[in-house]
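A.B. asks: One structure, as structure tokens, below. Some questions next.
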């Protein structure tokens, strides 16, 4: 009886040590959560960078970009900020970022204007997740429209700020060489509550009877989502 029990225990332990491969659904869910979170993190960085300035109407809250530097410039028609991410693991996400993001706005517009449209260019933004050594490489363009006007920095004295975000050329490449193509259409509403900024996100795309879609496209397996 003792020997039989010992054999069963040993066999059970061996079974438990075998790791099952993750299902495509779980992999896609993780991809979507990570890529969406990092996309929004860049949008938040942009909000921290774009404030009024006497020269090119761009400035920065430099101490809030703990893993990046920025440069600002303008020409006859366009003002621009380039955020360059450096390999620095800071903040709560436990990841490192490299690459750059370029934000452009017509020179005649201020970001606080109602209807101002900023163009965002992701240029080889590589995000490396320390916990599992998984990385994603983001490229593509997006537009961010300030629907309400006003700035995030003024939320204490205004009711809310609403941004609409759109992209039809957002690509994500994964550590195993596979890739996903995304489209994005969503609204981010910012309010100031209980001493902090609260962000509510709503999808703006409709596909048949399905509404409030924020992201859609093709996943790393080549299947539509």
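A.B. asks: Run the quick spin-label model on residue 130 and residue 69: label points 7 Å from Cα toward the beta carbon, then report their separation in nm to one decimal.
C.D. replies: Between residue 130 and residue 69, the simple spin-label model gives 2.2 nm.
A.B. asks: Any idea what the relative contact order of the range 22-218 is, in percent, if you count C-alpha pairs under 8 Å spaced at least 6 apart?
C.D. replies: Computed value for the range 22-218: 11 percent relative contact order.
A.B. asks: Relative contact order of the range 86-150: what whole-number percent is it, with Cα pairs under 8 angstrom and at least 6 residues apart?
C.D. replies: That works out to 33 percent.
A.B. asks: Please give the Cα centre distance for the range 24-42 versus the range 149-180, rounded to the nearest Å.
C.D. replies: With the range 24-42 and the range 149-180 each reduced to a Cα centre, they are spaced 14 Å.
A.B. asks: Compute the relative contact order of the range 123-225 as a whole-number percentage, counting only Cα pairs closer than 8 Å that sit 6 or more residues apart in sequence.
C.D. replies: 20
A.B. asks: Still on this model: At 7 Å along Cα-to-Cβ for each site, give me the label-to-label distance between residue 22 and residue 212 in nm.
C.D. replies: Calculated label separation equals 2.6 nm.
Every number here is computed from the coordinates shown, using simple stated rules; none is lab data. The shown structure was predicted, so the numbers you read here are calculated from the model rather than taken from an experiment. Reconstructed Cβ throughout: ideal geometry from the backbone, glycine too, with neighbour counts over all protein chains shown.
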